[in-house]
Amino acid sequence: MGSIGSQERLQIRRDDLQAHWDLQRQKLSALEREKILETRVEEEMRLEGKIKRIKDQLQSLEEELVLVERELQSAQSALTPDQAQADAGLDISPSPAMPSPAMPSPGMPGQTHIVNQGSIGVNIGQSCAPVHIHMPSVPGMEKALQPILPYEPEMIEIPEGPFLMGSQPEEGYPEHERPQHSVHLPAFFISTTPITNAQYEHFVRQSGHDAPKGWLLRKPPSEKHDHPVTQVNWHDAAAYCAWLYGQSGRAYRLPTEAEWEKAARFSDARLYPWGNEWQVHCCNYGAEDTSPVDAFPQGASAYGCLDMLGNVREWTSTIWGSSPTQADFFYPFQQDGRDATSFPGAGSVFRIHRGGSFRDTPIHLRCSARGFSPESSKVAWCGFRVVMVKE
């Protein structure tokens, strides 16, 4: 069974890589067409930079696909005929019309499956029945990668599929990151970078919302337009999402911590967005201030998301609980009210933030690392990014 499990994981990883390669190739073609029609020199240079970044990502994906195919061939050749026949009939994803996630063995990490039709099944040991929730569809998602408004963030599609969330006990990380478990998410879009001061300024100016601390005459410092917005609490971030939804007609919201972790981590449980080895030039950490959101392209995740670690911690919709010393929700991740907009009966609410900040050290800068703060907290090292759910 060990070989089959290994082969299943390799198949998932290969399919995820292929889906992401296809998506990036389509994006590259669109950018190249746009560059041909562009007449402004500055805009042409900006497009050239994006094209180069995507070409680099495509090359990395191709190299990784070759390695995975080799591993998969080795795993298949190691199977006995009976194992190969059983493995050939293995269905690793639930039917969209009727989700039926496989029941894990007792003592193994649970599995969470969230599908587009709005059903979620959570299995822990042999005892938990599926829980069904509603996940609203969003009109016009076929155009989601192309901003309607000039101040909309650039979005990246994260394909449907499973990923491993959390940490294993032998890694020695905090207990609240355990158990490591499989979560199956529908496709969604996430902003390439955290929301910048320039993007947030449109919200402040058009809605009349309070400007963050440190802004002068409701304007951010001129040298920080491309830095992530900070000094915003969870309510400010949620208000920005609601405003952008109203402006664009697209259902922007904060990511769940599962969505955030998949966008950062890919499907292979890597420690960092760029791989399993710490690289000193891949994010802004151990510093005194924020940096431009695109300052560390070498730290991009496999999906192309930037600034997933360091620079600013990022608010998610997920609730930690009403006390900093005791969580109200635990892993495995599931839809059990932990992403509600309010938490009835709680005097205060602590929300999960992810990614660490420019102040942090590498031990806190991991894809699975979790932090939390009161949802009313406003600090110079916390911002946010947004998601949209695909139909």
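The values are calculated or read from the model by the stated rules, or taken from the named source; none is laboratory data. Treat the numbers as computed from the prediction; the structure is a model and nothing was measured. Virtual Cβ from ideal backbone geometry, glycine too; neighbours counted across all protein chains shown.
Observations
- Within segment 25-37, residues that are surrounded by 13 or more Cβ atoms within 10 Å (Cβ to Cβ) reach partners that are among the basic types (Lys, Arg) and at pLDDT 70 or above with beta carbons closer than 7 Å, at six or more positions or on different chains, in the pairs Leu28/Lys55; Leu31/Lys50.
- Residue in segment 199-210 that is closer than 19 Å to Thr316 by Cα and in a loop (DSSP other than H, G, I, E, B) present: no
- All conditions but one from (1) more than 16 Å from the chain's Cα centre (by Cα); (2) crowded, with 23+ Cβ neighbours inside 10 Å; (3) more than 29 Å from Lys55 (Cα to Cα) apply to Trp315; the one that does not is (1).
- Residues of segment 235-286 that are acidic (Asp, Glu) and not in a loop (DSSP other than H, G, I, E, B): Asp236, Glu257, Glu259, Glu261.
- Residue list for segment 303-345, filter: of a type in the set (A, V, I, L, M, F, W, C) and either out of contact with any Leu (no Cβ under 7 Å at 6 or more places or on another chain) or farther than 26 Å from Thr361 by Cβ (or both): Cys305, Leu306, Met308, Val312, Ile319, Trp320, Ala327, Phe329, Phe330, Phe333, Ala340, Phe343
Quick grid of which residues meet (1) of a type in the set (Asp, Glu); (2) surrounded by 14 or more Cβ atoms within 10 Å (Cβ to Cβ):
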| position | (1), (2) |
| --- | --- |
| His225 | no, yes |
| Asp236 | yes, yes |
| Gln247 | no, yes |
| Glu259 | yes, yes |
| Ala264 | no, yes |
| Leu271 | no, yes |
| Glu277 | yes, no |
| Asn284 | no, yes |
| Ser291 | no, yes |
